[in-house]
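Okay, so here's the structure we're looking at.
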Amino acid sequence: MTRPRQFDLICFDWDGTLFDSTAIIVRSIQQAVQDVGGQPPSDEAAAYVIGMALMPALAHAAPDVPADKYPELAGRYRHHYLARQGDISLFGGVRPMLAELKGRHHWLAVATGKSRRGLNDVLRLADLGATFDATRTADETAGKPSPLMLHELMRELGAEPERTLMIGDTTHDLQMALNAGCASVAVSYGAHAPDAFGALAPRFVAHSVPALHQWLRENA
């Protein structure tokens, strides 16, 4: 087995990075807030919380909703999201990119703000369960941008921070990588606008999956 050029472990965020789900998550948040009597957030405000753990995300997106309504708010979000989940798919080019990385002996992982149940559902939907060597979700460890999720993945797989790469579409992902001492790559086609990425020092900002694939082929 040949060792990868630079990164043994490549960690991916899920929503907005591998899975084309940003618009549906935004609409589901907005409808959930409206259902419990709050003021629906703007598209930008709803997209900002993608990647965070569900309850902190909903609290941030709906500051006028009282805390005692958070369980109902979370339930309404799940209702709207699950009603649309079958319409979501991987971004074009993700499957061959992951297959090539596996063939080059990288460990692959998912670090996501989704719940364990939610991630298991979409991995089954995408038929990618066997692709990843390890996964972590926000409900079984600390949410982003805490580095705990990455620390646990590195410990499980025996990877070092300097040989671990985090790839994501939000500032939460990039800040998590910085907090963990890992390198990062940002993608601009997900939830957050790329003008916020520069201060978090990603190695590269990919504007499409093919561009990400090419960068990984040449640099990872």
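Things to note:
- Directionally averaged shadow of the stretch 22-87, computed from the convex hull of its alpha-carbon atoms, nm²: 3.8 nm²
- Other residues lying with their Cβ under 11 Å from the Cβ of Glu156 contribute a combined charge of 0, Lys and Arg counting +1, Asp and Glu -1.
- Here, the chain has an Rg and a Dmax of 16.8, 57 Å when only alpha carbons are counted.
- Rounded to 5, percent antiparallel among DSSP beta bridges of the chain: 5 percent
- Per-peptide average of other Cβ atoms within 10 Å, ordering 20-28, 172-180, 139-147 highest first: 172-180, 20-28, 139-147
- Straight-line cross-link partners of Lys69 among the lysines, defined as a Cα under 29 Å from its Cα and at least 8 positions apart when in the same chain: Lys114, Lys144.
- For Lys144, the shell of other residues with beta-carbons less than 10 Å away shows a net charge of -2, using +1 for Lys and Arg and -1 for Asp and Glu.
- Cα-based reach from Lys102 at 22 Å (exclusive), listing lysines while leaving out same-chain residues under 8 positions away: none
Computed from the coordinates by the stated procedures, all read-outs in this text should not be read as laboratory data. Just so you know, these numbers come straight off a predicted model, no measurement behind them. When we count neighbours, we look across all protein chains shown, and the Cβ atoms used for this are built from the backbone with ideal geometry, even at glycine.
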